[in-house]
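*Asks:* I'd like to ask you about the structure that follows.
The numbers here are math on the coordinates, done by the rules we state, and not lab data. Note that the structure is predicted; figures quoted are calculated from it, not measured. All Cβ positions, glycine included, derive from the backbone under ideal geometry; neighbour counts span all protein chains shown.
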Amino acid sequence: MSYSSLKDFVSALEKNGELHRVKTFVDPVLEIAEVADRITKSGGKALLFENTGTAFPLLINAFGSYKRIAMALGQTDLASAGPEIEEIFNLLTATQASPGRKLFALPKLFKVAGYMPSRVRGKGACQQVINMDPDLGILPVLKCWPYDGGRFITLPMVHTYHPETLKPNMGMYRMQVLGKDSAGMHWQRHKTGANHFEAWKKHGGKMPVTVTLGGDPVYTYCATAPLPENISEYILAGFLRKKKVKLVKCITNDIYVPSDVDIVIEGYVDPAGEQVLEGPFGDHTGFYSLADEYPIFHATCITHSSAALYPATIVGIPPQEDAWLVKATEKIFLTPVRLAIQPEIIDFHMPYAGVGHNLVVVRINKSFPGQGLKVINSLFGAGQMMLTKYLLVVSGDTDIRNYGELMKHILENTNFQDDIIFTRGPLDVLDHSSDSFSFGGKAGIDATIKLPEEKLKVITGPQEPESALSDTYSGWFGVPFIKGFSSALPGKVKGVLILAVDPSEDPDVMVKIVKLLQSVDRSSVFRLVVAVDHTVDPDDLFMAAWQALGNSDPVRDHYMVSSHTILVDGTIKFFRKGGFPRRWPNVVCSDAVTIGKIDGKWNSMGFEGFVTSPSLKTMKLVRKGRDEIVS
């Protein structure tokens, strides 16, 4: 099913019991984000804020469940798209096949050609209202978190093209509103928009840029999809919809956009112009991404449909709405990844705690020794996988989404001293843990079932009764630098210990933990020890995992305690000896004033029951009085 606008999608959501309308006024500055954070994390419905103080209602959390992301993409089962992509891949490679096969494939190729976007004459529904004196202030742009640098457009589909090849691209890069007709354009150095920008620098002249909002929700997903640079996002949209996307020419530049989007912001970026300090922004990592210099987008025209809605999302401490976009990518792109990169890949998973790029788990069909290492080496150089920090490869029938089962498999099949590849390479620009911006340590863990040639020598778990382990922990609890601990993993998995410590009290705390581990005369007790800050509840495994993955550089922050035991330092590095060479960001939370306002408005918004603010739980993670970015 295709949708002709966000309003059309909203009607479908409402018909399926997936929409809640909020009629009372809720301020786009901080308040909408606080409501959305509560509803998203509690598994609630999509939200349509009808009174935003502007002429545009605002839709948020539209993708925030399996059912809604499937509805948005027109799929009853997200995984069903994979085999179809495989068929298309095989058809497109039929040019190397026999004449008979080419002839057989021809009708299907014509069908695939029907998914290609087409340009149409005249104006589209997105151009029913034309404003040649553009004012971004007419839109209900969100300020999401208290220490954001301003208001941000959070679901912009940014259209650019290469000045020489003329190949177009659509990406999603947040935009900070700077003034009536200007915004910061946050395209990161690894993204196609930034590549086009660099090409325009060499070419000369102003770079045309058009931003679209809304329309068929499949467009929003496609803007986030990990497609090769030479594949149009609208081909994927047409394939998912089984209907070609119709494009119309913009009013003030030569960019073509879908005729059925809700809002179009046309303009340009001047490669020769000054850049602006954009940010901070409460990002999908759960930490603020710090202010940095980015180009300025200048609006020349705003058009919209007569019944336009404004789409938005918030990101922050996971899971948020974007987690469901990641889940869709796992399902839809499994087959292309297997075909284009590694045929032995059976499944891959990006856990919420890993925020997309900090941890990727891959399951393979293993048939020869060293195959896990081969997959690691290949994936670290493959497309957006190059930004992965921790890459874990398993084999067999392990359910990689059952974390207790997964951890048990890792402990039984991994010798940490021999089965981890430590290396350095490109990281996501939002990674704050590395000493250098967008470059740092990586770890590839080969947790596949070892074949005879690989000679696995590993102790599979604790060999002592639980009472003995408890005695050990109790003795440790009296050590001043250990503030808390937990070994309560899912599935009663043994051999993993989470320690809560305060490195601000003792910068040598990791060295002391290593010595403590080495001094315990129970060499088979611990396999994996993870240290987090004392503000983290070690019994909250999700929060501990999120903090450890986000705050660690795999090369710098691992300690081999013994041949079978590894310690990972997941604490804030700002307090280490000598300090940290970059600013260390704070975690993303709402503030007490905003929480109080929403508590007071809650009953007027028509929800069935009261939902407390998630920030009440996470405020204790915020450093320096909960107010400031650590600097």
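*Asks:* Once you list every other residue whose beta carbon is under 12 Å from the beta carbon of Tyr268, what net charge do they have if Lys and Arg are +1 and Asp and Glu are -1?
*Replies:* Residues near Tyr268 contribute -3 overall.
*Asks:* A further question follows. May I ask you to derive the relative contact order of the stretch 322-451, considering only C-alpha pairs under 8 Å and at least 6 residues apart, and to give it as an integer percent?
*Replies:* Relative contact order, the stretch 322-451: 23 percent.
*Asks:* Indicate, rounded to the nearest 5 percent, the antiparallel portion of the DSSP beta bridges found entirely in the chain.
*Replies:* Once the DSSP bridges in the chain are tallied, antiparallel ones form about 70 percent.
*Asks:* Straight-line reach from Lys206: which aspartates and glutamates fall under 18 Å, measuring Cα to Cα and dropping same-chain residues less than 8 apart?
*Replies:* Glu164, Asp181, Glu198, Asp254, Glu266, Asp270, Glu274
*Asks:* Where a Cα-Cα gap under 12 Å defines reach, which aspartates and glutamates qualify for Lys180, not counting those fewer than 8 residues away within the same chain?
*Replies:* Asp133, Asp135
*Asks:* Explain nothing, just the number: relative contact order of the chain, from Cα pairs under 8 Å at least 6 residues apart, as a whole percent.
*Replies:* For the chain, the relative contact order is 13 percent.
*Asks:* For the chain, what does the helix formula give at 222 nm: sum of -39500 (n - 2.57) over DSSP H segments with n ≥ 4, over the residue count, nearest 500 deg cm²/dmol?
*Replies:* When only DSSP H runs of four or more count, the value is -8000 deg cm²/dmol.
*Asks:* Read phi for every residue in the stretch 216-221 and hand back ³J(HN,Hα) as whole Hz from Karplus 6.51 cos²θ - 1.76 cosθ + 1.60, θ = phi - 60°, with x for Gly and Pro.
*Replies:* For the stretch 216-221, the Karplus-derived couplings read 3, x, 4, 5, 4, 4 Hz, x marking Gly and Pro.
*Asks:* A further question on this structure: Are there any trypsin sites (Lys or Arg not before Pro) in the stretch 383-441 that are in a DSSP loop and have at most 14 other Cβ atoms within 10 Å? List them by number.
*Replies:* Arg401
*Asks:* For the stretch 322-451, what is the number of Lys pairs with C-alpha distance below 18 angstrom, counting only pairs 8 or more positions apart or on separate chains?
*Replies:* The result is 7.
*Asks:* Given Cα pairs under 8 Å that are at least 6 residues apart, what percent is the relative contact order of the stretch 256-344?
*Replies:* Result for the stretch 256-344 is 29 percent.
*Asks:* Among the lysines, select those whose C-alpha is under 24 Å from the C-alpha of Lys7, and discard any that sit fewer than 8 residues away in the same chain.
*Replies:* Answer for Lys7, where 24 Å is the Cα cut-off: Lys15, Lys23, Lys45, Lys67, Lys123, Lys143, Lys242, Lys243, Lys244, Lys246, Lys249, listed by chain and number.
*Asks:* Please give the peptides 367-379, 300-312 ranked by average Cβ packing (other Cβ atoms within 10 Å per residue), highest first, as a rough proxy for protection.
*Replies:* Taking the mean over residues of other Cβ atoms within 10 Å, the ranking is 300-312, 367-379.
*Asks:* How do 613-619, 220-226 rank on mean C-beta neighbours within 10 Å, highest first?
*Replies:* Result, highest mean first: 220-226, 613-619.
*Asks:* In sequence order, what are the phi-derived ³J(HN,Hα) couplings for the stretch 302-309 according to the Karplus relation 6.51 cos²θ - 1.76 cosθ + 1.60 with θ = phi - 60°, rounded to whole Hz, with x for glycine and proline?
*Replies:* 10, 10, 7, 6, 6, 10, 5, 10
*Asks:* So, one more: Convert each backbone phi in the stretch 536-548 into a coupling constant with the Karplus relation 6.51 cos²θ - 1.76 cosθ + 1.60 (shift: θ = phi - 60°), then list the ³J(HN,Hα) values in order as whole Hz, x for Gly and Pro.
*Replies:* Residue by residue, the stretch 536-548 yields 8, 6, x, 7, 8, 5, 5, 5, 5, 5, 4, 5, 5 Hz.
*Asks:* How much of the DSSP beta bridge set in the stretch 322-451 is antiparallel, as a percent to the nearest 5?
*Replies:* Restricted to the stretch 322-451, the bridges split so that about 50 percent are antiparallel.
*Asks:* I'd like the orientation of helix 192-203 relative to the chain: the angle between its Cα long axis and the longest Cα principal axis, in ° from 0 to 90, rounded to 10.
*Replies:* On a 0 to 90 degree scale, this one is about 60.
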